[in-house]
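Here is the structure we will look at.
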Amino acid sequence: MSSAVTEQIRKEYGAVHAALPASVIEPARRAEAIERLCAQGLPATREENWRYTNLRVLEHVRFAPIETQSQAVPPLPEALPGFVRYVFVDGLLRSGAAGSHPGLTVRSLRTPGPSSSATWGPCPDFPEARLALLNEAFATDALLIEAHANAAPAAIELVFAASAGAQAGASYPRVHVVLEASAELIVLERHMGAPEAASLVNSAVRADVGENARLTHYRLQHCAPRTAWFDTLTAQLAAQARYHLLTVGTGALTARSTVHVRLAGAGAELALSAAALADRQQSHDMYALSEHVAPNTRTTETFRGIASGRARVAFNGKIAVRERAGGSDSRQSLRGLLDGPEAEVDLRPQLEIYTDEVRCSHGATAGKLDQNMLFYLLSRGIAPQTAQHLLKWAFLEDVVAKIECAELRRQIERDLASQMSAAATLKELL
Amino acid sequence: MLKIENLHATVDGKEILKGLELEVPAGEVHAVMGPNGSGKSTLAYVLAGRPGYAVTAGRISFQGQDLLALSPEERARAGVFLGFQYPVEIPGVNNVYLLKAAINAARKQRGEPEVDAFEFLTLVREKMRLMRMDESMLSRGVNEGFSGGEKKRNEILQMLVLEPRLAVLDETDSGLDIDALKIVAHGVNTLRGPQRSLVLVTHYQRLLEHIVPDRVHVLVNGRIVRSGDRTLALELERRGYDWLIGEAA
């Protein structure tokens, strides 16, 4: 299947490449991306780190970017106080104020300015990041966010809304976040779509967190039910940088996120928290590689996933501690909840250690709802369905409670409750 | 209030209760004592309707209705409360939510409106003072990180807030130091009244010094082998259970 699909990609690229904006990605770089992708081939489920991804959806989509832009913007979530919002529809920036915050530069690369290649750097070169090449070949817009050294903390919200069907084309969200030394920034990234959209969304996000800078990155994937969402996030952390990445995935038919964080400077810290809630035929898969290359670096990883119906939830968390990363500390806590006889949860903690004097701990468990907890709630008069909702809710709270922005946390809690069809039973909590 | 006739129950296919008879009239406190493995906790779980505890014969009538026909949550709403020997921790569900949800479930059953938020908090605070519990506990997860003693106090707090008709306290005294035991006993005693019954499942006489029972029953090998007034507990303290085990055999 892979070669037929790569041929299809090459063909579609040939038909549209002349019209793709050079200011976003230079033509030579796009062509190189296509060549590299075709040479490597698309990911396949026989590969260990792709085995839980539903890749068959790629056989039935159009890869070229959506040409006719829908004028309709799907209803957007309530705006959060303090966040400056940028809205993209089908991959193109539709609204958002440029440079609306002191100490912050936000710019769409479709507008004239220095070319993207200068800031973006090469596409990550590891097999799990292949779909970023697809983004590089086809992206029609890219947002560059720069938080300048020692600037006051700022908050940005990026909404990527898909409006069209898969046969109409794909969209390629592309973002580069740069934090200079000691900058502080919150980025909230939402991926969503009109209910009828059946799009292919393939995003590429890159974050460079400078010395002693702090990036809090919330990513919410609540795409429309028929969307195929693929994503590659790469981040590089300088000395003493702190990166808090928190993702919540509830939407899409197929969602695959590949995350690669390189702790390149001494004392850099990554806190990765991810929650996934999948039902019906949904498949949610995340591969996260945390690579410790400098001494005294630290990773804390928390995953909570619930699979109901015939859904599959997978989390593959790899922590690699390289030779020069002595004194590193990593902790993984991965838990999955099976909510139904046909649901599937696959958790895979991996440690690769090339040095001594490191501390690594990990735990991974998957199981059904705790019957002791359930009976305890029933014995207090709580209805069985409410008790189940409550325990599922509590399970995800391990991740959700880490959201420092209270308004955002409430929004996400409401969204999770509605996904669980528990908005009525849990109303006291919302 | 509670009438148990010829109760047989199995756990994992093994018969634990073997024809148990017990009657607890309204307003009385009954202690069920017995050696390890005699079936005390099984009796408590059967009353609360725990899955896996199968009743194979007999009847349990509670306020004139067939208790065995009710699901665990229906029993709770009807006024049966089980104080757990080992209360579970439920991180992510906070105590105040649980209390409120439990109160409202019972009120809904009785056709009453949901509890007023102010009235509810006033009630909870009053009961917490009685149990000498810190208010910060309310926003914590249910029993999360609580010591053994705190968990037991939390059980009694829930009981005081819910005001059940029948409370079954399973080894509420285990793991308590003497001060905590007094607090727990005081809490339980405030709930005594003509409309309420209590079943204290316990191993030791110690608790009964603080919560004086109307009747004491000895459970051996799945049956009540002897009943008496509180002096029976004192006799057990002196002589142990062996003489009754011998008699039962």
I'd like to verify a number: residues in region A:216-246 that are within 15 Å of A:V201 (Cβ to Cβ) and of a type in the set (V, I, T), how many? 2
Going by what's in this entry, would B:L43 be described as part of a helix (DSSP H, G or I), within 13 Å of another protein chain (Cβ to nearest Cβ) and under 15 Å from the mean Cα position of the chain (by Cα)? no
Confirm whether B:A185 is under 21 Å from B:N95 (Cβ atoms), small (G, A, S) and open to solvent by less than 40 Å² (accessible area, probe 1.4 Å). no
Going through region A:194-218 in order, the residues found to be open to solvent by less than 20 Å² (accessible area, probe 1.4 Å) and either without any contact (Cβ under 8 Å) to a residue 24 or more places away in the chain or within 26 Å of A:E404 (Cα to Cα) (or both) are A:S203, A:A204, A:V205, A:A207, A:V209, A:G210, A:A213, A:L215, A:T216, A:H217, A:Y218
Which of the residues spanning region A:396-418 are crowded, with 16+ Cβ neighbours inside 10 Å and within 11 Å of chain B (Cβ to nearest Cβ)? A:L396, A:E397, A:D398, A:V399, A:V400
Go through (1) open to solvent by 30 Å² or more (accessible area, probe 1.4 Å); (2) away from chain B (no Cβ under 14 Å); (3) assigned to a strand (DSSP E or B); (4) at pLDDT 95 or above for A:R335 and report which single condition fails. (2)
Counting only residues that are of a type in the set (S, T, N, Q) and open to solvent by less than 50 Å² (accessible area, probe 1.4 Å), which one in region A:352-395 is farthest from A:R304 (Cα to Cα)? A:T355
Criterion first (of a type in the set (S, T, N, Q), at the interface with chain A (Cβ under 9 Å from one of its Cβ atoms) and within 19 Å of the chain's Cα centre (by Cα)) does B:S71 satisfy it? yes
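Residues checked against (1) more than 30 Å from A:T45 (Cβ to Cβ); (2) within 14 Å of chain B (Cβ to nearest Cβ); (3) touching a Ser or Thr at 6+ places or on another chain (Cβ under 8 Å); (4) among the hydrophobic types (A, V, I, L, M, F, W, C):
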residue: A:R298; (1), (2), (3), (4): yes, no, yes, no
residue: A:G305; (1), (2), (3), (4): no, no, no, no
residue: A:S308; (1), (2), (3), (4): no, no, no, no
residue: A:K318; (1), (2), (3), (4): no, no, yes, no
residue: A:L391; (1), (2), (3), (4): yes, yes, no, yes
Requiring at least 2 residues that are at pLDDT 90 or above and surrounded by 24 or more Cβ atoms within 10 Å (Cβ to Cβ), the strands (runs of 3 or more DSSP E) wholly within region A:119-186 are A:154-162, A:165-171, A:174-179
Which members of region A:227-251 meet the condition of being farther than 24 Å from A:A154 by Cβ and touching a residue at least 60 places away in the same chain (Cβ under 8 Å)? A:T227, A:A228, A:F230, A:T232, A:T250, A:G251
Hey, could you check region B:210-249 for residues that are of a type in the set (D, E, K, R) and touching a His at 6+ places or on another chain (Cβ under 8 Å) and say which is farthest from B:T42 (Cα to Cα)? B:D214
Counting residues that are free of Cβ contacts under 8 Å to residues at least 24 places away in the same chain, which strands (runs of 3 or more DSSP E) fully inside region A:1-112 reach at least 1? A:92-95
How many residues are among the hydrophobic types (A, V, I, L, M, F, W, C) and surrounded by fewer than 23 Cβ atoms within 10 Å (Cβ to Cβ) if we restrict to region B:30-47? 1
Can you go through A:E196, A:E269, A:E211 and tell me which one is over 17 Å from the mean Cα position of the chain (by Cα), of a type in the set (D, E) and farther than 27 Å from A:A151 by Cβ? A:E196
Given (1) in contact with a helix residue (DSSP H, G or I) (Cβ under 7 Å, 6 or more places away or on another chain); (2) under 26 Å from A:L263 (Cβ atoms), where does A:L378 come up short, assuming only one miss? (2)
Report whether or not B:E114 is open to solvent by 90 Å² or more (accessible area, probe 1.4 Å) and away from chain A (no Cβ under 14 Å). no
Selected residue (criterion: nearest to the other protein chains (Cβ to nearest Cβ)) from residues of region B:117-167 that are of a type in the set (G, A, S) and surrounded by 16 or more Cβ atoms within 10 Å (Cβ to Cβ): B:G141
Which of the residues spanning region B:81-110 are open to solvent by 30 Å² or more (accessible area, probe 1.4 Å), more than 7 Å from chain A (Cβ to nearest Cβ) and within 20 Å of A:L396 (Cβ to Cβ)? B:E89, B:N94, B:V96
So which pairs qualify, if the first residue must be in region B:79-99 and under 15 Å from B:V161 (Cβ atoms), the second must be acidic (D, E) and open to solvent by 10 Å² or more (accessible area, probe 1.4 Å), the Cβ gap must be under 9 Å, and the two must be at least 6 apart or on different chains? B:G79/B:E163; B:F81/B:E163; B:G83/B:E171; B:N94/B:E144; B:N95/B:E144; B:Y97/A:E428
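The values are calculated or read from the model by the stated rules, or taken from the named source; none is laboratory data. Everything numeric in this text was worked out from a predicted model, so none of it was measured. In this analysis, Cβ positions are derived from the backbone assuming ideal geometry, glycine residues included, and neighbour counts consider all displayed protein chains. Ligands, DNA and RNA are excluded from the accessible area calculation, which covers all protein heavy atoms including side chains. Shrake-Rupley method; radii C 1.70, N 1.55, O 1.52, S 1.80 Å.
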